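The values are calculated or read from the model by the stated rules, or taken from the named source; none is laboratory data. Keep in mind that what you see is a predicted model, and the values were worked out from it rather than measured. Reconstructed Cβ throughout: ideal geometry from the backbone, glycine too, with neighbour counts over all protein chains shown.
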Amino acid sequence: MDTSQPSKRPKRQPRPAGQRAASEPLFTASELLRSYIESGGYILPSSSVAYTENAAFAQQMRLDAGIEGALRNLRVTLAQLPWTVAPLPQFEGDPVAEGLSRRITECISRIPRFTDLLYTLHGAKWYGLGVVNVIYGEPTEITDWVGLDPDSMAFDRVGNIGVKVGAKYLQDGGGVAGVTTGFDGFVRILDAMERDSVIVHRVFSEAPNFLISNSADLMYRGRGARDVCWYYWQMKQGTLRAMVAYENAYAQGGIRKGWYPDGDDAAQRVMLGILTKLDRIGSVALPFDPRKSAAEQPWGMELLTMPQGTGEIYLKALEYFDSKCKEAIVGQNLSSEAAGTGLGSGVAKMHGDTFANELRYNANAVSESLTVDLVRVLAHRMGATPEEARRIAFSQTVQQQDVKDYMEGVERFVRLGGSVPVEAVREKLGLPEPNATDPVLRQETGGLFDEPADQPAI
């Protein structure tokens, strides 16, 4: 007997497009339900290979520890990069641009879970697309945000973005305003007000291929690492199944072979049942005539021994597939390639540079997306003109040069007879000028601290 109390929370009813309160999300759970009605319309079909071939498997790819580990490492690193809102170089010192930058920086700093918002947008590395719906309380106050499933988004032929909805959306009062039929069901195109509440971030946009009809939305959706990993992940699943079958047979001593009276289908089913039981419980009883050899009896069983081995070929194949997926996500795979080349620090530095380039591309890309879909929208809400809004930009920054490499370069340069301004090194490292009374680190004494000196220690 169910003794639970019914929820007292009132059931939210979807409102027609354009009639939502400013503090409400654009889409409820029921609105995000997909329909399986297939029709052309004017909505572009999804260009994602993984999604179009098998949407369920495309979702399962994120449960792969190797894929998720590499992707999460990249996204976590990107989400924690320092960010600023500042005037463009040509507008430095402009009072309007400086004022807007300060106000928008303060507004963004108050966005709940902003680091996680950046993490969500950087999911574009996997899907090609990252989408966030920001929720405004006051005109310039963002009270909350929700991420939108990239696979639930669709584009029309001119790049307008919409969300896939189910038939239930129309039945529950969603109305038909802005709703059209696409290749993957019903799609509601966002109106101007709704579009201002959505941050759309894409990476690796491509021109459509003339010979591939469903590539048209690549210019709007972008190409994520998921499509690159798709076939490697598929082959990995087949390898895993083969390896498990091999290990089961090896653990049991070999492959069991059973025989039965030729042409007897019922006997065949019985023998298959016996072999299945052996896999589960490990023992079974069979009739046996000691007066006859095994070859003379219509029923029997024997064990085919497995060749000696450890299944290393499967492990090598799995390592290869994993390495290719990691390469697609972070741009390199140090462990496998360094081992294959036999090289050490040189390979590590090359891969470090590759990863830094990956970080810079994604940081620059998300900066451009946030500049257009967040900073300029906030500027308009603050009363700025379009020309004034274009004077400022959001920026995530990646350190251009490793501190260790920089200091090693400075040291080599000085040993060769060059001279370096101390202030330039301090600025690069972010170190302040010591006061006259501060203890300082000095190389000459070999100790951690030294008393203040008249001349700065170099």
Of everything in region 177-194, what is of a type outside the set (S, T, N, Q) and in contact with a strand residue (DSSP E or B) (Cβ under 7 Å, 6 or more places away or on another chain)? Give them in sequence order. Gly178, Val179, Gly182, Phe183, Asp184, Gly185, Phe186, Val187, Arg188, Ile189, Leu190
Over 15 Å from Arg103 (Cβ atoms), modelled with pLDDT of 80 or more, surrounded by fewer than 17 Cβ atoms within 10 Å (Cβ to Cβ) and of a type outside the set (Asp, Glu): is that true of Ala356 in this structure? yes
Could you tell me how many of the residues in region 356-413 are touching a residue at least 40 places away in the same chain (Cβ under 8 Å) and aromatic (Phe, Trp, Tyr)? 2
Does region 201-233 hold any residues that are over 20 Å from Tyr42 (Cβ atoms) and without any contact (Cβ under 8 Å) to a residue 12 or more places away in the chain, and which are they? Leu211, Tyr231
Only one of these is touching a strand residue (DSSP E or B) at 6+ places or on another chain (Cβ under 6 Å), farther than 26 Å from Asn209 by Cα and aliphatic (A, V, I, L, M): Val76, Val96, Val132. Name it. Val132
Please verify whether region 277-284 includes one or more residues that are modelled with pLDDT under 65, outside any helix (DSSP H, G or I), surrounded by fewer than 11 Cβ atoms within 10 Å (Cβ to Cβ) and out of contact with any Asp or Glu (no Cβ under 6 Å at 6 or more places or on another chain). yes
Please go through region 211-222 and give me each residue that is touching a strand residue (DSSP E or B) at 6+ places or on another chain (Cβ under 9 Å) and in a loop (DSSP other than H, G, I, E, B), ordered by number. Ala216, Asp217, Gly222
Any chance region 55-72 includes a residue that's at pLDDT 55 or above, over 23 Å from Pro150 (Cα atoms) and surrounded by fewer than 13 Cβ atoms within 10 Å (Cβ to Cβ)? no
Residues being within 19 Å of Leu374 (Cβ to Cβ) and either among the charged types (D, E, K, R) or in contact (Cβ under 8 Å) with a residue 12 or more places away in the chain (or both) - total across region 82-99: 11
Among Val366, Val377, which is the only one that is at pLDDT 80 or above, crowded, with 17+ Cβ neighbours inside 10 Å and touching a Leu at 6+ places or on another chain (Cβ under 9 Å)? Val366
Could you tell me which residue of region 114-154 is modelled with the lowest pLDDT, considering only residues that are more than 18 Å from the chain's Cα centre (by Cα) and in a loop (DSSP other than H, G, I, E, B)? Pro139
Among the residues of region 199-206, is there at least one that is within 30 Å of Leu78 (Cβ to Cβ), more than 21 Å from the chain's Cα centre (by Cα) and buried (at least 16 other Cβ atoms within 10 Å of the Cβ)? no
Before we move on, is Glu427 assigned to a helix (DSSP H, G or I), surrounded by fewer than 14 Cβ atoms within 10 Å (Cβ to Cβ), at pLDDT below 70 and more than 32 Å from the chain's Cα centre (by Cα)? yes
